[in-house]
Each structure stands twice: as C-alpha cells, then as structure tokens.
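S.K.: Sending over a structure as structure tokens; questions will come in a sec.
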Amino acid sequence: MSYISVVGGTGLKGEVCLQGSKNAALPVVAAAVLCNGTVTIKNCPDISDIRDLMQALSYAGIVSTLCDNVLELDTTGAKPVFFGPDLAGKTRGGVLLLGAFVGRFKEAGMAYPGGCVIGARPIDLHCKVFQRLHLDLREEEEGVFVKGTPKGARIVLPFPSVGATENAILASVCGRGRTEIMGAAREPEITELCLFLKHAGARIWGEGTSCLVIEGVPYLHATEYTLSGDRIVAGTYLAASMITGGEVVIRKTERVCMKGVLEPLRTMGAMIYREKELMYLHAPKVLQPIRFLETAPFPGFPTDMQSQTVALLSVAKGNSCICETVFESRFGVVPELLKMGADITCKDRCIFVHGKKGLCGTNVTASDLRSGAALVLAALAAEGESKISGCEYIARGYENICETLRGIGAKCSMREE
Ligand code: UD1
C-alpha cells in the first residue's frame, strides 16, 4: 500500500504551475462522445479520475490517449454499452456518460454510481431531468437505463446540482427543439462545458447563469479545446503555503474563477494579489479564526475547500465554525485531525474548531479526495513525520501532489509500505 510521507515544519515558498480543472475535464470528456471525429482537449489533468473515464470510454469503442496533458479522443468507432459497477462506480464523473450516450445513441445504461463517504449522492435529479426530456427511464436492480430521442422541455431544478445540470446539457444539445434549464448550477466548470460544446457547434445561451437555453443541433463536430486551471487545486496550494507561514505564486491562473475560495483565506489573514496569469499569497504570522462560514453552491464557499479550510483553522488563533450544507456527511477529515492533536467537535452539520498552536505528525487516513488534501496540509504544519494512507483518493484529483509540494520546499514523498 502506498502512503504519503510528510515531515512538517518548513515554510513553503516558490512557484506552482496550476494543473487543468478536474471538474471541467470530466464533463468535457463526456461531451466528446457527442462529437463526430477526433476531439483534442489541452491542459487536461493527468489524474486517475480522467484515466478511469478513459477506460470506461474504451469499452464503448472510443480510443483515447493522454500524453503531456493533451487528451485525444476518437469517437469514430463509438457504440452504446452498459457501464457496469466497475466502470460507473469509480468516478462520479461517470454518471455524465448517461446524458452523453443518450444524446448521441438514443440509449444509455449504467450501474448506480452508489454512495461514498461524503454523502449518499443519489441521482434522482438526473433521472427527473431525463424524464422531463421525454426519455424512457427504467430503474432496475443492476442500474438505470435511458432510451429515446431527447425532446426540448422546460426543466426546473429544485437544487442547483452540478451533475444534474451537466447531464441536462449533455442530453439536450443534440436533441430536438429548445430546452430551458431553470435553477441550473452556475459553477465555472459548467461554463467550461458550455464553451466546449459551443466550439463543437452546439447552440447554448446563458452559461454562467441559473437559466440555460439550448437549441438542439443534429450533430457536433470534431474540435480542440483548452481547459482552464483547477480553482480547487489552486486554493489547496495557496492553503498549503498559508498553513506553513509561507509565500507562493501560482502560475497559469488566467480564466480561473476564484469566487468563494479566496475570501476565507483573506479572513484568516492572507495577503493575496492576482494578476493576469498568476496569483500570489503571503501568509500571516498567525492565522485568524473564522467565526462562521458555510459551504454553498457557486458563487458561495465551495464544499470542495471545506476540509482544507478546517485544517487551516485547526492551527488558527481562536474559535471557528464551518457548516457543511452541500454534502450531508463530508466530515471525514475531523477524526484524522483529532489524531494529530486538533481540537474539533461536530454537531449536526457544523464543525467547531478550537484553534491550537501546533499539530503533531502521526499516521492518518484519507477517506475522500479533499480530506486527503487537507491531511497533507495539516501534516505540512505538524511537528515531525506524518504518514497519510488512502492516497489513491488524492491521486483522483491532484497531479503529482508530492512533486509539486517538493518544488516549493516541502519534505514530502510517495512511499510503498
Ligand atoms: C460536483 C463536483 C464535486 C463538488 C459538487 C458540489 C464533479 C465531478 N464533482 O459533484 O467536486 O463537490 O459538485 O459542488 O464535478 N443530489 C441529490 N440528487 C441528485 C444529485 C445531487 O440529492 O440527483 C445532492 C447530492 O447528494 C449533494 C448535492 O445534491 O448533497 C450536491 O450534489 P451535486 O451538485 O450534484 O454534486 P456532484 O455533481 O455530484
């Protein structure tokens, strides 16, 4: 079993080159299924979530290669298949293949993506979207099956689900007529998906707002697209430098929307400047607490930064409270931080953090992607060595995390037990 070894206590200083966005790459790769011919996606992160999706697509006859962050997908031989639990369950992005395949082949089938440690993650909203688009939906023991030609409809989402919005877009861009999606999620990654689809010939209006309008087109053509950087990874590296009292420049941040990510870091005392293609953070000597912060859909404080922020607050001077409103059980980081000496209690969906002067390095386990990143941050600030297992979760979303952190002075490496 591999683990990440971190010896804490070094202030991180230097430059990080930002990787492409995972949550933009996943729907864009799914959208490539709708395109005839070869799709080239540049600045694609080389992470296991993308590799798993490529593997799933290979079962459907789609040939893909990922080399030097350029992903090429050839959909010429694409055919509809049933994505079993081994393919569907690996990455949450897999659920988007339902919308993409029904959009192109008028049929799609997939095992239920299943729950995970951050919450049950049902797909009821995705199913309602398909039904609104006049598709036949069968929910059986082995999975969910969608069939028919998507026809324009007015879809009202009761909650701005990122995945359900993306599936609604994917299923309707090559459907018949006009679709309106009200209450759509506004995350920048959805805008990226829309921009990619428009490059390929789709007709979409309103990206970045909660009301999207789509006019179906008969087909999408081959295209090339460059993904923007990953706002959560940028936030994580800013936080890494901050928890160690360091100073960091993140490059390749043009087009990266940091709304909701930077405010909490500034409240904790960071000085952050942005120029066109870079972000600069100077950490305060002592981190300030945050009296109250709650996660929310974009443009609010992202749930994907919650665990990392809890790690920062565990060494802040004073008491903080963070409420998790998006995923009902995204608290996996808490028991592990307790092992490192943090003083944290949870009640209902709130995490109460009583900041302490220091943490102690020890053996901890990541239970999901962002809790893994948060534990790496905590270990960077802790005294002595920490061993973080469950690093396969971290590899889902961070490209070469150890190498990147070593580049700014961290004592950190991937090891085998
Ligand atoms: C996406 C992101 C994830 C991020 C999340 C919220 C990807 C690949 N993942 O996940 O990193 O943390 O948005 O910003 O882009 N829900 C339902 N029924 C549904 C769908 C969702 O109840 O049919 C609930 C979920 O259980 C969760 C909440 O809605 O509690 C938000 O989910 P959603 O916005 O859909 O997140 P994902 O698309 O899964």
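S.K.: If residue 124 meets every condition in (1) within 8 Å of the ligand (Cβ to nearest atom); (2) more than 27 Å from residue 203 (Cβ to Cβ); (3) under 19 Å from the mean Cα position of the chain (by Cα); (4) of a type outside the set (Gly, Ala, Ser) apart from one, which number is that one?
M.R.: Only one criterion in (1) within 8 Å of the ligand (Cβ to nearest atom); (2) more than 27 Å from residue 203 (Cβ to Cβ); (3) under 19 Å from the mean Cα position of the chain (by Cα); (4) of a type outside the set (Gly, Ala, Ser) is unmet by residue 124, namely (3).
S.K.: What are the pairs, 6+ residues apart or on separate chains, where a residue within segment 247-270 that is under 15 Å from residue 227 (Cβ atoms) has its Cβ under 9 Å from a residue that is of a type in the set (Gly, Ala, Ser) and assigned to a helix (DSSP H, G or I)?
M.R.: Once the first residue is under 15 Å from residue 227 (Cβ atoms) and sits in segment 247-270, its partners that are of a type in the set (Gly, Ala, Ser) and assigned to a helix (DSSP H, G or I) give 253/234; 256/234.
S.K.: Something else: Among the residues that make up segment 64-72, is at least one of them farther than 30 Å from residue 141 by Cβ and touching a Phe, Trp or Tyr at 6+ places or on another chain (Cβ under 8 Å)?
M.R.: For segment 64-72, residues farther than 30 Å from residue 141 by Cβ and touching a Phe, Trp or Tyr at 6+ places or on another chain (Cβ under 8 Å): absent.
S.K.: Only residues that are away from the ligand (no atom under 14 Å from the Cβ) and either open to solvent by less than 10 Å² (accessible area, probe 1.4 Å) or in a loop (DSSP other than H, G, I, E, B) (or both): list them for segment 310-332, please.
M.R.: Correct list: 310, 311, 312, 313, 314, 315, 316, 317, 318, 320, 322.
S.K.: State which residue is modelled with the lowest pLDDT when the search covers only segment 93-121 and only residues that are crowded, with 21+ Cβ neighbours inside 10 Å and within 11 Å of the ligand (Cβ to nearest atom).
M.R.: Looking at the filtered set, the residue picked out is 118.
S.K.: Just checking, how many residues over segment 372-393 are within 18 Å of residue 312 (Cα to Cα) and assigned to a helix (DSSP H, G or I)?
M.R.: Residues meeting the conditions: 10.
S.K.: Which count do you get for residues in segment 163-190 that are surrounded by fewer than 24 Cβ atoms within 10 Å (Cβ to Cβ), aliphatic (A, V, I, L, M) and farther than 16 Å from residue 28 by Cβ?
M.R.: Total satisfying the criteria: 1.
Residues checked against (1) open to solvent by less than 10 Å² (accessible area, probe 1.4 Å); (2) within 20 Å of the chain's Cα centre (by Cα); (3) charged (D, E, K, R):
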residue	(1), (2), (3)
203	no, no, yes
232	yes, yes, no
249	no, no, no
272	no, no, no
288	no, no, no
297	no, yes, no
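S.K.: OK, next. Would you check which residues across segment 397-416 are within 23 Å of residue 21 (Cα to Cα) and modelled with pLDDT under 95 and list them?
M.R.: Correct list: empty.
S.K.: So, in segment 357-371, exactly how many residues are more than 16 Å from residue 392 (Cβ to Cβ) and open to solvent by 20 Å² or more (accessible area, probe 1.4 Å)?
M.R.: Total meeting the criteria: 6.
S.K.: Just to be sure, is residue 383 at pLDDT 95 or above and either buried (at least 22 other Cβ atoms within 10 Å of the Cβ) or farther than 25 Å from residue 260 by Cβ (or both)?
M.R.: yes
S.K.: Looking only at segment 49-70, filter to residues that are away from the ligand (no atom under 16 Å from the Cβ) and touching a residue at least 40 places away in the same chain (Cβ under 8 Å); which one of those is nearest to the chain's Cα centre (by Cα)?
M.R.: Of segment 49-70, the ones away from the ligand (no atom under 16 Å from the Cβ) are 55, 58-70.
Filter once more, so that each one left must be touching a residue at least 40 places away in the same chain (Cβ under 8 Å): 60, 69.
Values: 60: 24, 69: 17 Å.
The qualifying residue nearest to the chain's Cα centre (by Cα) is 69.
The values are calculated or read from the model by the stated rules, or taken from the named source; none is laboratory data. Predicted, not measured: the structure shown is a model, and the values here were computed from it. Positions of Cβ are generated from backbone atoms using ideal geometry, with glycine treated the same way; all protein chains shown enter the neighbour counts. Surface accessibility is based on the protein's heavy atoms, side chains included, excluding ligands, DNA and RNA. Shrake-Rupley method; radii C 1.70, N 1.55, O 1.52, S 1.80 Å.
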